[in-house]
Amino acid sequence: MLTPEFSSCSTELEKITAPIQIAFSNLAVGALLLLPLYRFEIGDIPLLIGLGLIPTAIPFTLLSYGMARVKVEKGSVIGLLEPVTAGAVGYIAFREMLTDIQLLGSVMILSAVFIALNEKSEQ
């Protein structure tokens, strides 16, 4: 939902700040905001480190690096592919079957992204 806003801000911040600093500050603020909701136990530390690095810090850092090299308009449109990618990964890795509505939504998203990227490249 915030992909376009993140795209605009990260592109501007990339000019004065390293991508790793942007990713770290965004993740630190998010973690601090969620901390009061978490019931902490000592055995959870490896799980928290794993969840903090693999599905959170690494992709967010890569996104910051990518946004520095792509125009804001294209970056925000490409960001819309996330649910389609998640559905494909779920199908391939976990054998999750997509419903007809999900397949229709994926086709609609792919079509919209294709049209948007082609219109912007023609201008």
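Values computed for the structure shown
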{"quantity": "Condition check for Ala31: more than 28 Å from Leu110 (Cβ to Cβ), within 11 Å of the chain's Cα centre (by Cα), part of a helix (DSSP H, G or I) and without any contact (Cβ under 8 Å) to a residue 40 or more places away in the chain", "calculated": "no"}
{"quantity": "Selection count, the stretch 34-60, where residues are farther than 26 Å from Ser106 by Cα and assigned to a helix (DSSP H, G or I)", "calculated": "17"}
{"quantity": "Close pairs (7 angstrom Cβ cut-off, 6 or more residues apart or separate chains): within 21 Å of Pro19 (Cα to Cα) and in the same structural domain as Ala23 (by TED's automatic domain parsing) in the stretch 40-60, modelled with pLDDT of 80 or more and not hydrophobic (A, V, I, L, M, F, W, C) anywhere", "calculated": "none"}
{"quantity": "Criterion (on the phi < 0 side of the Ramachandran plot, modelled with pLDDT under 80 and within 19 Å of the chain's Cα centre (by Cα)) met by exactly one of Glu122, Glu82, Glu73", "calculated": "Glu73"}
{"quantity": "Some residue of the stretch 88-106 being of a type in the set (A, V, I, L, M) and within 11 Å of the chain's Cα centre (by Cα)", "calculated": "no"}
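The values are calculated or read from the model by the stated rules, or taken from the named source; none is laboratory data. The shown structure was predicted, so the numbers you read here are calculated from the model rather than taken from an experiment. Here the Cβ is made from the backbone with ideal geometry for all residues, glycine too, and neighbour counts use every protein chain on show.
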